[in-house]
Amino acid sequence: MTTAPGAPITGVARPVFTPSGDVILSGETARLLGRALLAANNELARRGGRLAAPVRSLAVAIGSVPGTTEYADEGPDDTVVHEQIDVFTAAEILGCSPRNVRALAQRGRLPATKLAGRWVFHRDDVLEWCGHRV
(Lines give C-alpha, C1' and ligand atoms only; values in the text may rest on other atoms or scores of the structure.)
Protein backbone atom coordinates (compact mmCIF):
# COMPACT_ATOMS: atom_id res chain seq x y z
CA MET A 1 0.00 0.00 0.00
CA THR A 2 1.17 3.52 -0.75
CA THR A 3 0.14 6.93 0.46
CA ALA A 4 -1.45 9.24 -2.09
CA PRO A 5 1.01 11.67 -3.70
CA GLY A 6 0.54 15.40 -3.48
CA ALA A 7 -0.03 17.96 -0.78
CA PRO A 8 -1.35 16.73 2.57
CA ILE A 9 -5.05 17.09 3.27
CA THR A 10 -5.32 19.52 6.16
CA GLY A 11 -7.08 18.40 9.29
CA VAL A 12 -7.45 14.74 8.32
CA ALA A 13 -5.21 11.75 7.74
CA ARG A 14 -4.17 11.17 4.16
CA PRO A 15 -5.98 8.34 2.36
CA VAL A 16 -4.11 5.15 1.55
CA PHE A 17 -4.45 3.58 -1.89
CA THR A 18 -4.10 -0.18 -2.30
CA PRO A 19 -2.64 -1.83 -5.42
CA SER A 20 -6.16 -3.03 -6.33
CA GLY A 21 -7.39 0.58 -6.44
CA ASP A 22 -9.25 0.59 -3.12
CA VAL A 23 -9.00 3.62 -0.86
CA ILE A 24 -8.60 3.34 2.90
CA LEU A 25 -9.74 6.34 4.95
CA SER A 26 -9.21 7.07 8.63
CA GLY A 27 -12.31 7.01 10.81
CA GLU A 28 -12.38 10.81 11.12
CA THR A 29 -11.94 11.28 7.37
CA ALA A 30 -14.77 8.81 6.70
CA ARG A 31 -17.05 10.65 9.14
CA LEU A 32 -16.26 13.99 7.45
CA LEU A 33 -17.02 12.49 4.05
CA GLY A 34 -20.29 11.01 5.32
CA ARG A 35 -21.37 14.36 6.78
CA ALA A 36 -20.48 16.17 3.54
CA LEU A 37 -22.53 13.71 1.47
CA LEU A 38 -25.53 14.03 3.81
CA ALA A 39 -25.27 17.83 3.73
CA ALA A 40 -25.23 17.73 -0.08
CA ASN A 41 -28.26 15.42 -0.06
CA ASN A 42 -30.12 17.75 2.32
CA GLU A 43 -29.46 20.74 0.04
CA LEU A 44 -30.62 18.78 -3.01
CA ALA A 45 -33.74 17.62 -1.13
CA ARG A 46 -34.58 21.22 -0.33
CA ARG A 47 -34.74 21.83 -4.07
CA GLY A 48 -36.72 18.69 -4.85
CA GLY A 49 -33.82 16.38 -5.75
CA ARG A 50 -31.55 13.93 -3.97
CA LEU A 51 -28.35 11.97 -4.39
CA ALA A 52 -28.51 8.54 -6.00
CA ALA A 53 -29.55 5.74 -3.62
CA PRO A 54 -26.08 4.05 -3.58
CA VAL A 55 -24.45 7.36 -2.61
CA ARG A 56 -26.99 7.94 0.19
CA SER A 57 -26.40 4.39 1.44
CA LEU A 58 -22.66 4.99 1.38
CA ALA A 59 -23.08 8.21 3.39
CA VAL A 60 -25.11 6.42 6.07
CA ALA A 61 -22.70 3.46 6.15
CA ILE A 62 -19.55 5.53 6.52
CA GLY A 63 -21.26 7.71 9.10
CA SER A 64 -21.34 4.73 11.44
CA VAL A 65 -17.65 3.85 11.37
CA PRO A 66 -16.66 1.13 13.88
CA GLY A 67 -15.43 2.59 17.13
CA THR A 68 -17.97 5.37 17.33
CA THR A 69 -21.01 5.47 19.56
CA GLU A 70 -23.06 7.97 17.60
CA TYR A 71 -25.54 6.95 14.94
CA ALA A 72 -25.31 8.18 11.38
CA ASP A 73 -27.71 10.90 10.32
CA GLU A 74 -30.50 9.27 8.33
CA GLY A 75 -30.76 12.24 6.02
CA PRO A 76 -33.90 14.16 5.18
CA ASP A 77 -37.37 12.77 5.66
CA ASP A 78 -38.72 11.84 2.22
CA THR A 79 -42.08 13.31 3.17
CA VAL A 80 -40.77 16.86 3.62
CA VAL A 81 -42.95 19.24 1.64
CA HIS A 82 -41.63 22.62 0.60
CA GLU A 83 -44.18 25.33 -0.03
CA GLN A 84 -44.45 25.94 -3.73
CA ILE A 85 -45.78 29.21 -5.06
CA ASP A 86 -46.87 30.45 -8.47
CA VAL A 87 -45.64 33.37 -10.56
CA PHE A 88 -48.18 35.79 -9.09
CA THR A 89 -47.23 35.07 -5.48
CA ALA A 90 -43.52 35.29 -6.34
CA ALA A 91 -44.15 38.65 -8.05
CA GLU A 92 -45.95 39.90 -4.96
CA ILE A 93 -43.03 38.87 -2.72
CA LEU A 94 -40.45 40.41 -5.06
CA GLY A 95 -42.44 43.56 -5.71
CA CYS A 96 -42.37 43.22 -9.48
CA SER A 97 -44.60 42.06 -12.30
CA PRO A 98 -45.39 38.39 -13.04
CA ARG A 99 -43.83 38.95 -16.47
CA ASN A 100 -40.53 39.94 -14.82
CA VAL A 101 -40.66 36.84 -12.58
CA ARG A 102 -41.18 34.61 -15.65
CA ALA A 103 -38.22 36.30 -17.36
CA LEU A 104 -36.00 35.70 -14.30
CA ALA A 105 -37.02 32.03 -14.27
CA GLN A 106 -36.43 31.61 -18.02
CA ARG A 107 -32.94 33.11 -17.70
CA GLY A 108 -32.16 30.83 -14.75
CA ARG A 109 -31.59 33.76 -12.39
CA LEU A 110 -34.43 32.70 -10.06
CA PRO A 111 -34.61 28.94 -9.25
CA ALA A 112 -37.86 27.54 -10.65
CA THR A 113 -39.45 24.47 -12.19
CA LYS A 114 -41.88 24.39 -15.05
CA LEU A 115 -44.83 22.19 -14.12
CA ALA A 116 -47.65 21.62 -16.62
CA GLY A 117 -46.56 24.71 -18.55
CA ARG A 118 -46.47 26.98 -15.49
CA TRP A 119 -43.52 28.22 -13.46
CA VAL A 120 -43.44 26.99 -9.85
CA PHE A 121 -41.08 28.34 -7.19
CA HIS A 122 -40.05 27.29 -3.68
CA ARG A 123 -41.06 30.11 -1.35
CA ASP A 124 -37.68 29.85 0.46
CA ASP A 125 -35.81 30.33 -2.84
CA VAL A 126 -37.83 33.45 -3.68
CA LEU A 127 -37.30 34.91 -0.20
CA GLU A 128 -33.57 34.12 -0.36
CA TRP A 129 -33.26 35.67 -3.84
CA CYS A 130 -35.15 38.73 -2.62
CA GLY A 131 -32.70 39.09 0.30
CA HIS A 132 -29.65 38.91 -1.98
CA ARG A 133 -31.12 41.45 -4.35
CA VAL A 134 -31.43 44.21 -1.74
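Any residue that is of a type in the set (V, I, T), closer than 30 Å to D124 by Cβ and at pLDDT 80 or above - is there at least one of those in segment 48-60?
Within segment 48-60 (the criterion being of a type in the set (V, I, T), closer than 30 Å to D124 by Cβ and at pLDDT 80 or above), the answer is yes, since at least one residue qualifies.
Kindly check whether there is at least one residue in segment 109-124 that is in a helix (DSSP H, G or I), under 17 Å from G49 (Cβ atoms), in contact (Cβ under 8 Å) with a residue 24 or more places away in the chain and in contact with a helix residue (DSSP H, G or I) (Cβ under 9 Å, 6 or more places away or on another chain).
yes
Output the number of residues of segment 3-46 satisfying the condition of being at pLDDT 80 or above and in a loop (DSSP other than H, G, I, E, B).
Matching residues across segment 3-46 total 5.
Filter segment 15-40 down to the residues that are closer than 17 Å to L51 by Cβ and surrounded by fewer than 13 Cβ atoms within 10 Å (Cβ to Cβ) and list them by number.
Passing the criteria: only A36.
The values are calculated or read from the model by the stated rules, or taken from the named source; none is laboratory data. Because the structure is predicted, anything quoted here is derived from the model rather than measured. Don't worry about glycine lacking a Cβ; one is built from the backbone with ideal geometry, like all the others, and counts go over all protein chains shown.
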